[in-house]
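Here's the structure, in structure tokens; my notes come after.
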Amino acid sequence: MIPISLIQSTAETLMDKAAIDIPDDYLTGLKRAAETEDGDLSSFVLKAMLDNYEAAKEDRRAMCGDTGVPRWFVKMGNEASVEGGMCALETALRRATATATNGVPLRPNRVHPLWRTDHNNNVGIGAPEIEYGFEPEGDWIDLITVHKGGLFGTDYRMLFPSDGIQGIKRFYLDSLMAFGKRGLACQPAIIGIGLGGSKDICMTLGKRASVLRTVGSRNSDPRIAEMEEEFKELGNSIGMGAMGFVGKNMVVQCNIEVGYCHTGGMPMSVHAFCLSSRRAVARLWPDGRVEYRTDPDWFTPYQRRETVDWEPMHEAAE
Amino acid sequence: MSPREIRLSTTPTDEDIAKLRLGDIVYLDGLMYTAREGVYMRALEEKANIPMELPSQSAANFHCSPAARINADGSFDMGAVTATASFRFAKWLPEWMEKTGARLIIGKGGMTSKDYKSYFVPNGAIYLSTVGYGTGALLGRGVENVEAVHWNEELGLAQAMWVIKCNKMGPFIVASDLNGDCLFERENAKIAQNIERVYEGTKPAVLKRYGESDDRSDEVI
């Protein structure tokens with residue numbers, strides 16, 4: 001059983017790491033972008049961003065003043081259990097969110113949509129979001145926090161099979177053009193595309209593609225992996241760089257995730273995970289071990305399973 | 001060619017402002033205050049008295065909510081500082097400028113050249129954009145002191161009026177000038193020449209949306 005005190009203290013550390021330390025995969029991607037960039041203003045911006053990550057690390061202060069909307073993804077091995085049960089876990093994550101908001105400090109971004117009530121701690125109705133995933137083996141639990149910006153760079157559209165790949169490209173470009181101008185999307189970004197699912201899951205897939213996959217990762221379907229590379233090039237050929245200035249770096253990485261959808265439709269979502277791609281991950285074991293990393297490793301073969309039975313489970317049952 | 005770097009007071013003279021060119025990099029010294037929708041509504045719609053002497057103390061309005069806390073002893077800790085998108089505040093800015101004499105509007109993404117020409121230029125004001133927009137830690141280093149937080153009880157930490165003493169705070173980019181020209185629109189126009197080529201072969205969506213534009217040189221703000 002994983003101690004609840006360990007969950008809360010680890011969650012607090014994760015909040016701090018996410019807000020302050022840029023993940024290595026994104027940093028490497030941005031350094032590569034900075035090397036190739038030749039627009040004078042966009043080059044200046046990328047250089048300032050690289051200085052900013054250093055300043056954040058040195059001073060232990062948040063890398064961006066808009067610290068986004070903190071949220072949690074919890075992945076559990078099939079044999080994992082939590083002291084006090086899942087409601088205790090949710091309380092610990094809410095408490096860690098509130099504590100870290102005051103501690104780091106983070107900006108208390110979360111307010112009631114109508115009454116604009118602000119508890120000054122990023123906790124409220126439905127906030128932080130806590131989402132779950134499971135894996136067939138293991139007694140561990142992965143805590144993943146993501147602090148994504150919340151206002152610009154995301155869009156959804158119901159496309160149809162007759163729209164085809166050229167329709168997908170059009171909506172992708174439209175999203176980059178709309179939110180890339182003036183740099184509203186805070187690019188160069190990790191662009192996540194969700195294809196399929198029902199409407200809400202389409203958004204979820206695209207969001208997870210942007211925040212739960214790293215720079216350099218590839219979809220396990222080779223044809224989708226090819227699309228990812230092609231879409232990255234397409235985005236970077238617009239001629240728009242950081243802040244919407246002339247440049248050649250808009251997309252650090254393009255990740256595509258799919259889910260089965262209604263036979264008549266092809267819903268699509270586009271998400272931009274910004275210059276402050278804040279994510280931090282820890283794996284916790286019942287014996288008290290904690291390992292920190294920055295790759296959520298969310299999209300395992302089990303998460304992308306296509307058939308009724310999961311073979312390894314099936315074999316185990318026999 | 002790397003851009004020019006300039007230090008600027010938050011109570012600048014006419015000459016200081018006239019010298020600035022689109023794309024210059026600016027570092028600020030002096031007092032700056034944050035004001036966004038909460039402060040604008042309270043000061044302009046609810047007619048509350050603004051708790052500062054403006055513009056003599058500061059002519060620099062930052063569209064920002066800091067990542068900060070107020071300690072139990074009343075002192076402040078400010079970590080990172082980043083701007084929020086300014087186009088949403090166009091509704092209040094003309095009256096705000098007239099009332100407070102703000103000359104430097106600092107934020108994310110700028111306004112339209114129409115905004116600049118109609119009320120920035122007549123007030124002798126220009127727009128400074130933050131860089132990135134994520135240089136929160138660098139800007140945080142330029143905060144020498146938090147002088148006061150006004151209207152925290154009424155508006156909450158994120159919407160309160162923070163008064164910040166800047167010491168070489170930056171970088172910021174000059175995004176409008178006394179001509180009313182707009183840096184972002186200049187860049188958009190350069191990029192627009194390439195749009196047709198990038199879109200070549202793509203198809204408009206089968207299902208349309210009301211109010212949809214197919215003109216990619218348009219903006220959404």
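Each reported figure results from applying straightforward, stated rules to the coordinates on display, with no laboratory input. Note that this is a predicted model, so its numbers are computed, not measured. We place every Cβ from the backbone using ideal geometry, glycine too, and count neighbours over all the protein chains shown.
Here the translational diffusion coefficient of the stretch B:23-93 follows from Stokes-Einstein with Rh set to the Kirkwood radius across Cα pairs; for 10 °C and 1.306 mPa s it amounts to 113 µm²/s.
The long axis of helix B:183-192 is offset from the longest Cα principal axis of chain B by roughly 20 degrees.
Packing-based ranking of B:63-71, A:79-87, B:210-218 yields B:63-71, A:79-87, B:210-218, ordered from highest to lowest mean Cβ neighbour count within 10 Å.
Residue exposure proxy: A:Arg304, A:Arg182, ordered by other Cβ atoms within 10 angstrom of their Cβ from fewest to most, comes out as A:Arg304, A:Arg182. Note on A:241-247: average number of Cβ atoms from other chains within 10 Å of each residue's Cβ is 6. With the cut-off at 18 Å, tell me which of the pairs A:Lys148/B:Lys168; A:Lys17/B:Lys165; A:Lys17/A:Lys57; A:Lys248/B:Lys114 have Cα atoms farther apart than that. Beyond 18 Å: A:Lys148/B:Lys168; A:Lys17/B:Lys165; A:Lys248/B:Lys114. Left without a cysteine partner by the 4.7 Å Cβ rule in chain A: A:Cys64, A:Cys87, A:Cys202, A:Cys254, A:Cys261. Counted over all Cα-Cα pairs of chain B, pairs farther apart than 26 Å make up 39 percent. Neighbouring Cβ atoms from other chains, within 10 Å of the Cβ of residues in B:71-82, number 5 on average. Computed from backbone phi with θ = phi - 60° and the Karplus coefficients 6.51, -1.76 and 1.60, the 3J(HN,Hα) list for the stretch A:125-135 is 4, x, 10, x, 5, 10, 10, 10, x, 10, 10 Hz; x is used for glycine and proline. Per the Cα gyration tensor, the stretch A:151-273 maps to an equivalent ellipsoid with semi-axes of 22, 15, 13 Å, ordered largest to smallest.
Here the protein assembly as shown yields Rg over Rh of 0.98, to two decimals, using C-alpha coordinates and the Kirkwood radius. For the stretch A:25-42, putting each phi into the Karplus relation 6.51 cos²θ - 1.76 cosθ + 1.60 with θ = phi - 60° gives couplings of 5, 5, 4, 4, x, 6, 5, 4, 4, 4, 5, 8, 6, 10, x, 5, 5, 5 Hz, in residue order, rounded to whole numbers and with x for Gly and Pro.
Across the stretch B:5-199, the relative contact order, built from alpha-carbon pairs under 8 Å that are at least six residues apart, equals 28 percent. Of the peptides A:266-274, B:197-205, the ranking by mean beta-carbon count within 10 Å, highest at the top, reads A:266-274, B:197-205. Once the Cα-Cα distance is subtracted from the 0.36 nm per residue extended length, the A:His119 to A:Arg60 segment shows a gain of 18.8 nm.
Peptide A:44-55 shows a mean partner chain C-beta count of 6 within 10 Å per residue C-beta.
For chain A, what does the relative contact order come out to in percent, with C-alpha contacts under 8 Å and a separation of six or more? It comes to 25 percent, rounded to a whole number. From its DSSP helices (H runs of at least four residues, each -39,500 (n - 2.57)), the protein assembly as shown gives a residue-normalised ellipticity at 222 nm of -9000 deg cm²/dmol. Calculated FRET efficiency, B:Asp218 and A:Ile130, Cβ-Cβ r, R0 35 Å, to nearest 0.05? Calculated value: 0.35. Rg of the Cα atoms in chain A, relative to 2.2 N^0.38 Å, amounts to 1.01. Its relative contact order, with pairs defined as Cα atoms under 8 Å and 6+ residues apart, puts the stretch A:105-247 at 18 percent. For A:Phe134, the residues 5 or more places off, or on other chains, whose built amide H falls under 5 Å of its own are A:Met76.
Extending 7 Å from the Cα toward the beta-carbon at both A:Asp24 and A:Asp139 defines two label points whose distance is 3.0 nm. For B:Ala148, the amide hydrogen comes within under 5 Å of the amide hydrogens of B:Val163, counting only partners 5 or more places away or on other chains and with H modelled in the peptide plane. Descending by average beta-carbon neighbour count within 10 Å, the peptides B:17-24, B:175-182 line up as B:175-182, B:17-24, the highest first. For chain A, modelled as a GNM whose springs connect Cα atoms under 10 angstrom apart, the maximal fluctuation among A:Leu195, A:Leu275, A:Leu173 occurs at A:Leu173. Considering only B:Phe76, B:Phe184, B:Phe120, the mean-square fluctuation computed in a Gaussian network model of chain B, springs between alpha carbons under 10 angstrom, is largest for B:Phe76. The string of couplings for the stretch A:190-200 from the Karplus curve (6.51, -1.76, 1.60, θ = phi - 60°) is 8, 8, x, 10, x, 10, x, x, 7, 3, 5 Hz, one whole number per residue in order, with x for Gly and Pro. The amide H of B:Ile6, built 1.01 Å from its N in the peptide plane, has B:Ile25, B:Val26, B:Tyr27 as neighbours under 5 Å, considering only residues 5 or more places off or on other chains.
With R₀ fixed at 35 Å, the C-beta to C-beta distance from A:His112 to A:Lys199 puts the FRET efficiency at about 0.90.
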